[in-house]
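Rule-based calculations on the coordinates, nothing more; no lab input. The shown structure was predicted, so the numbers you read here are calculated from the model rather than taken from an experiment. Cβ placement follows ideal geometry from the backbone for every residue including glycine, while neighbour counts extend to all protein chains displayed.
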Amino acid sequence: MPRLAILAQAPLFIESSKKRVEEPNVQLQTSAKDQLRAFVSRIERLEEEKAALSADLKEVYAEAKGNGFDVKALRKLISIRKQDDNKRREEEMILATYLHALGMDAEESEAA
């Protein structure tokens with residue numbers, strides 16, 4: 001990957017409200033400027049797309065809620081489906097073990 005070529009010049013000093021702030025005067029070569037502009041442009045575009053997708057997801061959850069579905073349960077379901085099956089089973093077994101140790105498992109509560 002190409003490195004950005006930076007040409008540093010003597011820093012400029014700005015006096016503002018009794019504080020001396022050093023402001024570097026750095027110039028990028030044309031190719032580095034173009035690369036930087038391209039990165040910034042891509043990031044901004046992706047941020048806009050991310051915001052649009054977030055709004056779409058919010059609408060879908062609101063629609064599901066309007067149809068009587070529990071949004072919290074839906075979010076948990078989506079989270080579970082994203083997990084690897086083995087990892088999910090392992091976490092469920094650990095949770096069941098902890099619930100049993102605290103007397104909160106389904107078998108004990110049915111017996112009571």
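Descriptive notes on the structure:
- Residue-count net charge about Leu57 - beta-carbon cut-off 13 Å; Lys, Arg +1, Asp, Glu -1: 0
- Likely footprinting exposure, Thr97, Thr30, fewest C-beta neighbours within 10 Å first: Thr30, Thr97
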